[in-house]
1. Take the stretch 77-89 and flag every residue that is in contact with a strand residue (DSSP E or B) (Cβ under 8 Å, 6 or more places away or on another chain) and farther than 11 Å from Ile112 by Cβ.
2. Is it the case, given these coordinates, that Arg144 is open to solvent by 20 Å² or more (accessible area, probe 1.4 Å), at pLDDT below 85 and not polar (S, T, N, Q)?
3. Pick out the one residue from Thr57, Thr3 that is hydroxyl-bearing (Ser, Thr, Tyr), touching a residue at least 40 places away in the same chain (Cβ under 8 Å) and either open to solvent by 40 Å² or more (accessible area, probe 1.4 Å) or out of contact with any Leu (no Cβ under 9 Å at 6 or more places or on another chain) (or both).
4. When only residues in the stretch 11-50 that are small (Gly, Ala, Ser) and buried (at least 18 other Cβ atoms within 10 Å of the Cβ) count, which is nearest to Ser104 (Cα to Cα)?
5. So which residues in the stretch 194-212 are over 16 Å from Ile138 (Cβ atoms), open to solvent by 60 Å² or more (accessible area, probe 1.4 Å) and outside any strand (DSSP E or B)?
6. Here's a check for you: in the stretch 93-114, which residue that is of a type in the set (A, V, I, L, M, F, W, C) and in a loop (DSSP other than H, G, I, E, B) is least open to solvent (accessible area, probe 1.4 Å)?
7. Whether any residue in the stretch 126-136 is of a type outside the set (Ser, Thr, Tyr), in contact with a helix residue (DSSP H, G or I) (Cβ under 9 Å, 6 or more places away or on another chain) and part of a strand (DSSP E or B) is what I want to check.
8. Determine the pairs where a residue that is polar (S, T, N, Q), located within the stretch 184-212, has a partner that is surrounded by fewer than 15 Cβ atoms within 10 Å (Cβ to Cβ) with Cβ atoms under 6 Å apart, the partner being 6 or more residues away or on another chain.
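The values are calculated or read from the model by the stated rules, or taken from the named source; none is laboratory data. Computed from a prediction, not measured in an experiment: that's the story for all the values here. With ideal geometry, Cβ positions are generated from the backbone for all residues, glycine too; neighbour counts draw on all protein chains shown. Surface accessibility is based on the protein's heavy atoms, side chains included, excluding ligands, DNA and RNA. Shrake-Rupley method; radii C 1.70, N 1.55, O 1.52, S 1.80 Å.
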Amino acid sequence: QMTTLANAIALQDLRDRELIEAMLRNHCSTYPPCMAVTVTDVEGEPRMASHPLEGATNLAKRDYYKAMLATGRTAMSGVQMGWTFLRPTIHIAAPIWKNAADGSPVFAGAVITAAGLSFLQDLATRTVEPFGDMHAEILDDEQRVVVHSSPLRTPSLTERSGSPLYAPGSDSATVLRDGRDDAGQPVRVALAPFTVEKRTWMVAVMRSAIGW
């Protein structure tokens, strides 16, 4: 969706702030994971947004922005704890290409979206809800908890890399393992890897092993 939005904005007059900000607000209302979307100039300076720009800072030094410039294509950040929304967020940068007089593409800025992970949280909740004491966590490629199936628990990017309970298997197959959770209680966990934009994430589904 981000590349499509950037291409649509490229067809407009970038000086038409009212029109472009209406497009940005419409994008966020159409795609629920979108928390905010911004258009920068060629220097990475935010110029238009779906939300007030007070306090906005230059984005040119962000890793995902530099990856977009290096490849000329849409790039995604790792999961970060958003300062504005105080929840795990992914940033996606898509270049805006205008056509020069000779038809060659010219970089004209970028569209930056802050996307939440609520859709994954909803999916995790629905998956384990019928099983009572079962819960699920989703770990990113740094083995940090970015989603918890309980709507009452806000993930704080807790690292699991040092826990043998969460150690990934030697291949892409699902791993079944017994161990102890954070409270020291015996649990049984199933770990399954999946791919998000070429990054390997993992879902961990867990339930108490007491009485098994």
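1. Those that are in contact with a strand residue (DSSP E or B) (Cβ under 8 Å, 6 or more places away or on another chain) and farther than 11 Å from Ile112 by Cβ: Gly78, Val79, Gln80, Met81, Gly82, Thr84, Phe85, Arg87, Pro88, Thr89.
2. Spelling it out, it is not the case that Arg144 is open to solvent by 20 Å² or more (accessible area, probe 1.4 Å), at pLDDT below 85 and not polar (S, T, N, Q).
3. Thr3
4. Gly44
5. Correct list: Lys198, Ile210, Gly211, Trp212.
6. Top of the filtered list is Ala100.
7. Taking every residue of the stretch 126-136 in turn, at least one turns out to be of a type outside the set (Ser, Thr, Tyr), in contact with a helix residue (DSSP H, G or I) (Cβ under 9 Å, 6 or more places away or on another chain) and part of a strand (DSSP E or B).
8. Ser208/Asp133
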